[in-house]
Amino acid sequence: MATTLVVNADMKSSGAPPTVPTPPTTMTIGELAGRFGLATHVLRHWESAGLLEPARDTHGRRRYDAGHITRVAVVLRAKAAGLALDDIRELLRAGDPAVRRQRLEAHREELRRRVAEAQACLDLVECALGCAHDDLADCPRFREAVAATVGGAGLPVVAATTHGEDLPTATGAERPTRWYGP
């Protein structure tokens, strides 16, 4: 007589469903830092700057909860937006929405200024890339773009020569200045 053996791979000796480990309600500084790819000294610095206020266990070690995860994410996003830690602290502490809005509007204007500055630099590079002159200084469009980028300030005063030769030191320049006329 043949015996059949049936194997039940899902069977547990206790019959209870498998348990899923519950995440800890708090984490160490190393665990929080690791979650964001930060060094622990960054979180300590943010604590000293008033951005984080971790609880302490009975041994005085920092303990972070889910709220701290959100706070670190907010700080990282604010830093990516170009805000300084002092500004971030003030925005996080601002109880009055009007104060927060005013600070953010000022930062928006600074970002717009920086974007315009970067665009002017990009325009200058694109002008140089599209120039067919052997020497960029021979290109009237490039000279115009340079003058527009620096607003005319800081450009050396030069006199015209016929073939781009060095000017005599009589121009008052520290070193000979070249003029690349049209």
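The values are calculated or read from the model by the stated rules, or taken from the named source; none is laboratory data. Fair warning: this is a prediction, and the values are worked out from it, not measured in the lab. We place every Cβ from the backbone using ideal geometry, glycine too, and count neighbours over all the protein chains shown. To get the accessible areas, we keep the full protein, side chains included, count just its heavy atoms, and leave off ligands, DNA and RNA. Shrake-Rupley method; radii C 1.70, N 1.55, O 1.52, S 1.80 Å.
So here's what we get for this one:
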item: E109 open to solvent by 80 Å² or more (accessible area, probe 1.4 Å), of a type outside the set (F, W, Y), assigned to a helix (DSSP H, G or I) and closer than 23 Å to G82 by Cβ; result: yes
item: Residue in the stretch 47-61 that is in contact with an Asp or Glu (Cβ under 9 Å, 6 or more places away or on another chain), among the acidic types (D, E) and in a helix (DSSP H, G or I) present; result: yes
item: Those residues of the stretch 48-66 which are open to solvent by 40 Å² or more (accessible area, probe 1.4 Å) and closer than 11 Å to L32 by Cβ, in sequence order; result: R62, R63, D65, A66
item: Members of the stretch 94-104 found to be part of a helix (DSSP H, G or I), open to solvent by 70 Å² or more (accessible area, probe 1.4 Å) and free of Cβ contacts under 8 Å to residues at least 12 places away in the same chain, listed by number; result: P97, R100, R101, Q102
item: Considering residues of the stretch 23-46 that are hydroxyl-bearing (S, T, Y) and not in a helix (DSSP H, G or I) only, the residue farthest from V75 (Cα to Cα); result: T25
item: Unmet criterion (only one of (1) more than 30 Å from G30 (Cβ to Cβ); (2) within 18 Å of the chain's Cα centre (by Cα); (3) loosely packed, with under 15 Cβ neighbours inside 10 Å) for G82; result: (1)
